[in-house]
Amino acid sequence: MKVRRAKKPKALKEPKKHTPTFLLELPLMVNQGQAKHVGAHLEAARQLYNALLGEAKSRMQRMRADPRWQEASAIPRSQKQERQVAFSSLRKAYGFSEYALHDYAKKARCTWIAVHVDAMMAQTLATRAYRAVNQVCLGKARRVRFKSKGRGLDSVENKWTQSGLRFVLQKPQEGHAGFLLWKEDRLGALIDWDDPVVKYGLDHPIKFARLIRRQASSPRAQGADCAGYRYFVQLALEGVPYHKPKHTVGTDTIGLDLGPSTIAVVPREGKAELRPFCEDLRPKGKQRHRLERTLDRQRRANNPDHYDEQGRPKKRGKQAPPWKNSRGYLKTRRRLANQERKIAAHRKSLHGQRVHELMKIGNQIRVEKISYTGWQKQFGRSVGRNAPGMFIELLKRTVARTGGTLVEIPTRTTKLSQFCHGCGQTAKKPLWQRWHECQCGIGPVQRDLYSAFLVAYLNAADDHPSRARYESYWESAEPRLRAAREDTEQRAKEGQILPRSIGIPGARARLPKRLEASRQELVYRRGRLEALDRRQEPPVL
């Protein structure tokens, strides 16, 4: 008779420790054969991602069609626990969760897809698809986008460093080289060990690796393959990012008023300033606009049947003819994509410079809480070019890393742009009114500078402005605000183009390049309408 042994109780697993993470990006050296293999892997990952996205979307639609979803939505938001229980039961019943989609990824990763995509990468794709659909479920997005074959999937990542897509680093005696391993390919990384940022990052443990493919300007660009792609590896490293010694950190408290195209900075002790935000991007924006117009003209010339007599696009059905793309059109599209990449890199650099300038003054930041996505409807061009929301996110991370605090003051309760500390009254101002001047004797002062002053001296614990709070600070702050205004006026007199929101009359007024009036003639040429400038002849006396 066999005697069964008593099972040993399973040891409780310790919860995973959440450690800080930072990224290090390195370029990869990829030959033609490796680029072909990587392209096949990414195509398999694209098809698996679309399958996971479609499954998650169908589960969400079935869940929201259930009558219990309407009953759960009718529960008052004050009853948080009841709402959470109702929605959680629905998600569990329809399998709309991250781990339920992981189980579906095991079934979808079959046949030829399993040759290209391992199990861990399939889980990361399932997580990516679930998060995209969950944004729609929560009302934070309108729809999800499937990856077409033309757009492709340009980034994949792993979850660990034991197998699959992983980065290995040789020992110094072996050559100190780094490689990204994926299946049978060994992609070499370009490592500059003289760069302190790279050396600091590679000295830290690697959590996982991410492969990124970016479009180059042309196949002849440096580091590009035959299809015009460059490849990079992003390493998720454990720890905090490298802090350069030249970036010092101050201790002052700063009031910040950020607009779509301006930024006002008023510290409690230092110099106040009002400047255009990301002003160096304006010339590149004009170049991008010219490329967009060129692309539109080429598209219309190649496809005249897709537009009506007035130049409006016709409605397209299932039997509509395909769009024709010429070589010149594809070349212009690559130039436009390269210009967008340069603008994004330049914008990121300008944001970093501005953040470090603020950190040099102080790491105690006060700023109004604003919906930057709501700005896109009214200030779409400026928000798209300057990205103020991205700047605030970078500022938050930098302030947290340096041990400071960033406090966002709610605008509904404070109404700092309408408040006057002299009389304690709140008066509504239209957006075109850029100067604050009150009958109590305060002003005239620029509106953005005044809001930055009010938020700088506002108490974070009690965010209600009062008259007594600012009386002792206004005497020393008024000369600094006046000096910032005079500095801005001087730059406008010297010819610098300033946004209209600053409120300086004539700041953007310039003489025309040509004094003669011109008229436009519409000419039909090569299947499209063109406007030709013709100089107007002087009248006969």
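Our estimate of slack between Leu169 and Asp487, defined as 0.36 nm per intervening residue step minus the Cα-Cα distance, is 109.2 nm.
Positive-end ranking of Pro172, Pro245, Tyr200 along the dipole of the chain, with charges on Cβ about the Cα centre, is headed by Pro172. If only the Cβ of Lys and Arg carry +1 and only the Cβ of Asp and Glu carry -1, the dipole of the chain around its Cα centre is close to 2620 debye.
Loop-located trypsin sites (Lys or Arg not before Pro) across segment 235-327 with a Cβ neighbour count of 13 or fewer within 10 Å are Lys246, Lys271, Lys314, Lys315, Arg316, Lys318, Lys324, with loop assigned by DSSP.
Return the subset of Lys183/Lys207; Lys140/Lys183; Lys244/Lys348 for which the Cα-Cα distance in this structure is over 27 Å, preserving the input order.
Lys140/Lys183
If we count GluC sites (Glu not before Pro) as exposed when they sit in a DSSP loop and have at most 10 other beta carbons within 10 Å, what is the longest stretch of the chain that avoids them all? The segment 310-493 is the longest one with no such site.
Under a 5 Å amide H cut-off, with hydrogens placed 1.01 Å from N, Thr21 pairs with Gly239 among residues at least 5 apart or on other chains.
Calculate how many DSSP beta bridges within segment 21-238 are antiparallel, expressed in % of all such bridges and rounded to the nearest 5. If you can, show how the numbers build up before the last one.
Working: 29 of 29 bridges.
Antiparallel: roughly 100 percent of the beta bridges in segment 21-238.
Determine, for His346, His464, His351, the number of other Cβ atoms within 10 Å of each Cβ, and report the residues in order from fewest to most. Let's see the in-between values first.
Details: His346 14, His464 10, His351 22.
Going from sparsest to densest Cβ surroundings: His464, His346, His351.
Rounded, prolate or oblate: which one fits the chain, using the alpha carbon gyration tensor with axes a ≥ b ≥ c (rounded when a/c is under 1.5, else prolate when a/b beats b/c, else oblate)? Oblate is the answer for the chain, as a/c is 1.5 or above yet b/c matches or exceeds a/b. Of the chymotrypsin sites (Phe, Trp or Tyr not before Pro) in segment 363-408, not one is in a loop by DSSP (not H, G, I, E or B) with at most 10 other beta carbons within 10 Å. Using R0 = 30 Å, the C-beta based FRET efficiency linking Leu181 and Cys110 works out to 0.80.
For segment 76-136, trypsin sites (Lys or Arg not before Pro) meeting the loop criterion (DSSP other than H, G, I, E, B) and having at most 15 other Cβ atoms within 10 Å: Arg77. Here's how it looks for Tyr307: its modeled amide H is under 5 Å from those of Lys314, which are all 5 or more places away or on a different chain.
Read-outs: derived from the displayed coordinates by stated rules, not from any lab. Predicted model, so just to flag it, every value in this text is computed and none were measured. Backbone-built Cβ (ideal geometry, glycine too); neighbour counts: all protein chains shown.
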